[in-house]
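Below is one structure; the comments refer to it alone.
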Amino acid sequence: MNDDACRIVTLTTDFGQKDPYVGVVKGIILSRFPQAQIIDLNHEIPPFDILAAAWSLKISIPYFKAGTIHIAVVDPRVGTSQRRIALEMNECIILAPDNGLTTPFIASAKKAYALEKPQFFLSSVSKTFHARDVFAPVAVRLLSGIALRDLAVEVDKQSLTKVEGLEPTVEPGSIEGLIVYVDRYGNLITNICAETKSQIKEIRIGSRKLKLAAGSYGTIDDGEAQVLCGSHGYLEIAAKEASAQDLLQVKSGEKVFVTTV
Amino acid sequence: MNDDACRIVTLTTDFGQKDPYVGVVKGIILSRFPQAQIIDLNHEIPPFDILAAAWSLKISIPYFKAGTIHIAVVDPRVGTSQRRIALEMNECIILAPDNGLTTPFIASAKKAYALEKPQFFLSSVSKTFHARDVFAPVAVRLLSGIALRDLAVEVDKQSLTKVEGLEPTVEPGSIEGLIVYVDRYGNLITNICAETKSQIKEIRIGSRKLKLAAGSYGTIDDGEAQVLCGSHGYLEIAAKEASAQDLLQVKSGEKVFVTTV
Amino acid sequence: MNDDACRIVTLTTDFGQKDPYVGVVKGIILSRFPQAQIIDLNHEIPPFDILAAAWSLKISIPYFKAGTIHIAVVDPRVGTSQRRIALEMNECIILAPDNGLTTPFIASAKKAYALEKPQFFLSSVSKTFHARDVFAPVAVRLLSGIALRDLAVEVDKQSLTKVEGLEPTVEPGSIEGLIVYVDRYGNLITNICAETKSQIKEIRIGSRKLKLAAGSYGTIDDGEAQVLCGSHGYLEIAAKEASAQDLLQVKSGEKVFVTTV
């Protein structure tokens, strides 16, 4: 076995932490490939929120080394005719249902595959738990050195399902974006690039104008929700030791309007 | 050291994730046996809910490879005269308090032991944290290759405490089961075998009749709670992108009545 | 590489589990040092609650073996001029912002350092996510065998920020302590040593007198909140299969008064 091989597998799901579902997926992988290093990326994606999961992947994947396998399962339509897919990127492989989860990665994917060779799944595949029955065993084969082209059937990447909302609408003098993610602190994370901040003339959420913070959370005026450059490279609406979501009473999907100089 | 040895230890507790208790248990194990692979099976068992923990173990353990050590601690009576036990199964070892947690495994256990040799515990055993002081150090000895018979005292497996409710009452033409587990999505998981589905004439929860879903979650009629074959091999009452628990306003322990053809 | 070297890194944060922030920190570490063993000590510290985090560290660190690296990040002032520090203890290294998190460890620290050599951070350091950009890469250097004195600048440990409330006020015949931590079960953990229990004449929280429990949780009278010796070595107010916090309607920071014989 190649000692320098990457054996990291990340998991992004809406399974939550209250059930043994995540542990069973890890059991499948570590029982078959003990050298795997499994990292929980996110299990608290709001149930069925494909946009939040796609966003979570988008801001996280760049921090993992080449060769990492990312499993992402937010799958309200599990067990229907929906495909299970694999994206071969320059630096990683992403396994997911074909429901838009992989939207941020399709443009730069080298190849796309459909997982439809049951000999690489668990011997009995349930209709409702493909993370355990399909994605985990396929990840084990990949860790073992089997190539994706041998495990799956290549498909046209243009045929993959996409979700709307990950990219803002940019026009001369204006940007229309939205809140794509709300984190534990109540920070409202937009899909508008942080570099935009220096060009903002006015920024609104709904009809409410927002001020720009000078720097990080500590520089926000008490009791206000203000705009700063988030650590993931996007504009973020935050409060000082408080929740911007509570202050503004908005949620994921809310539109953000910017006029630029 | 045998390179093929299984070094997986799973943890099932009601400790939750908000405190450092689980991390300390892992610290004990990894500080003494760095090759251990610890998997969180479930830490969000409702506090003191022994039935839910027994169920969580029952549906999870089959997915782990031979040699796995399962530690299960939901223990409202910790520090009383209650025994700490170990079950030697064909494929694994289960460490738990003797309060019914191991009910699903007693019938097929090869041997049962009581953990009562303090030389294998932490030097100071608290009255309230036996996962740290007793079960983790015993798991370390097992990982190190010490046999259970040397670590513990064999007891009659018929003497172990059992909980009611894991098995339904099956009679000719009828089955009376119950909801044993409610998962994050609000799926109501019963203790009635999924194979029963094809023989159902009528299924009720309380006085309410339920329809059978054609297939998986995606095939359930909008706004209804219907019955499908869950991924763990048991009948499950679920809704489509919604919570069956919210729709039906029932909870764990509720009875489910089936008449069969 | 030294096979006996400790490669344990623990994480204590208020990041919660609902976002990919913890997973990204792990990705940084495992992508650069695959042999690391990362243990989640606590990610559910109440947002910005430095006292709870300091307490969580205090009761957990003794259970980890020599050489462990502890990263602690509860950091409402991230991105201001506040220092990032490292404490060199006899048995471990603690990395944290200089905001009081390390209070319980300053007295016995061998040396203190400020992390201010950007060549050891990620190439681009955000203003809001130093766990990822500063602490994780510094931990990687430590795991790789680089000495703290080469990674950081020594500072006077007396210059470090401290928080109040970790130590009770002990006078002849009386102790005034407080609730420093409330755990998942609603147990109210005080900062008063468990050894005190045998000398208690009266113990009050606010104006309410509390009874002493005979032993562990199982010995508490039904429906009452009583005082026992917690597993961490401190007096704890608990209830039997119930939440002492709910019964008493108090929260972290509440004062506890003891008169001693």
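Bear in mind that the values in this text are calculations on the coordinates, not laboratory data. Keep in mind that what you see is a predicted model, and the values were worked out from it rather than measured. Methodologically, a virtual Cβ is constructed for each residue, glycine included, from the backbone with ideal geometry; neighbour enumeration extends over all protein chains shown.
Couple of notes before you dig in:
- Over chain A: Rg over Rh, Cα atoms, Kirkwood Rh: 1.02
- Neighbour counting of Cβ atoms within 10 Å sorts the residues A:192, A:59, fewest neighbours leading, into A:59, A:192.
- Teacher prompt: residue C:80 distances to equivalent labels in other copies, 7 Å Cα→Cβ, nm: 5.0, 5.0
- Ellipticity at 222 nm from helices only: DSSP H runs of n ≥ 4 in the protein assembly as shown, each -39500 (n - 2.57), divided by the residue count, give -4500 deg cm²/dmol.
- Exposure rule at most 12 other beta-carbon atoms within 10 Å, DSSP loop trypsin sites (Lys or Arg not before Pro): chain B longest free segment: B:111-250
- In terms of surrounding Cβ atoms within a 10 Å radius of their Cβ, A:174, A:56 rank from fewest to most as A:174, A:56.
- Per-peptide average of other Cβ atoms within 10 Å, ordering C:40-46, C:117-123 highest first: C:40-46, C:117-123
- More than 20 Å apart - percent of Cα-Cα pairs taken over the stretch A:123-215: 62 percent
- Among the listed pairs A:251/C:18; B:18/C:18; C:162/C:255; A:26/C:26; C:209/C:251, those beyond 18 Å (Cα-Cα): C:162/C:255
- By the count of other C-beta atoms within 10 Å, a proxy for reagent exposure, C:164, B:241, A:224 are ordered fewest to most as C:164, B:241, A:224.
- Label points for residue C:195 are taken 7 Å from Cα along Cα→Cβ. From this copy to the others they lie 6.2, 6.2 nm apart, shortest first.
- Euclidean distance between Cα centres, the stretch A:67-112 to the stretch B:195-261, Å: 31 Å
- Relative contact order, percent, the stretch A:169-260 [alpha-carbon distance under 8 Å, six or more residues apart]: 40 percent
- Positive dipole terminus of the protein assembly as shown, leading residue within A:172, A:63, C:228 (C-beta point charges): A:63
- Averaging the sequence gap over all C-alpha pairs within less than 8 Å and six or more residues apart, then dividing by the number of residues, gives chain C a relative contact order of 15 percent.
- 3J(HN,Hα) along the stretch C:186-192: x, 5, 9, 9, 9, 9, 9 Hz, from the Karplus curve 6.51 cos²θ - 1.76 cosθ + 1.60 with θ = phi - 60°, whole Hz, x for Gly and Pro.
- Percent antiparallel among DSSP beta bridges (both partners in chain C, rounded to 5): 70 percent
- 5 Å binning of all Cα-Cα separations within the stretch A:169-260, expressed as whole percents from 0 upward: 3, 16, 30, 28, 17, 5, 1, 0
- Partner chain coverage, peptide A:32-45 - average Cβ within 10 angstrom: 5
- Neighbouring partner chain Cβ atoms per residue of C:118-127, average, 10 Å criterion: 2
- Overall form of the stretch C:8-159 per C-alpha gyration tensor (a/c, 1.5; a/b vs b/c): rounded
- For the protein assembly as shown, the convex hull spanned by the alpha carbon atoms encloses 177 Å³ per residue.
- For the protein assembly as shown, share of DSSP beta bridges that run antiparallel, in % to the nearest 5: 70 percent
- Under-5 Å amide H pairs with residue B:48, H placed in peptide plane, nonlocal only: B:75
- As a ratio to 2.2 N^0.38 Å, the alpha-carbon radius of gyration for the stretch B:107-261 is 1.43.
- 5 angstrom amide H check on residue C:256, placed H, neighbours 5+ away: C:177, C:178, C:179
- The antiparallel fraction among DSSP beta bridges confined to the stretch B:8-159 stands at about 45%.
- Taking the Cα centre of the protein assembly as shown as reference, the dipole from Cβ charges on Lys and Arg (+1) and Asp and Glu (-1) amounts to some 660 debye.
- Sorted largest first, extent of the stretch C:60-141 alpha carbons per principal axis (Å): 34, 24, 20
- Shielding by partners, peptide C:236-249 (average Cβ within 10 angstrom, other chains): 1
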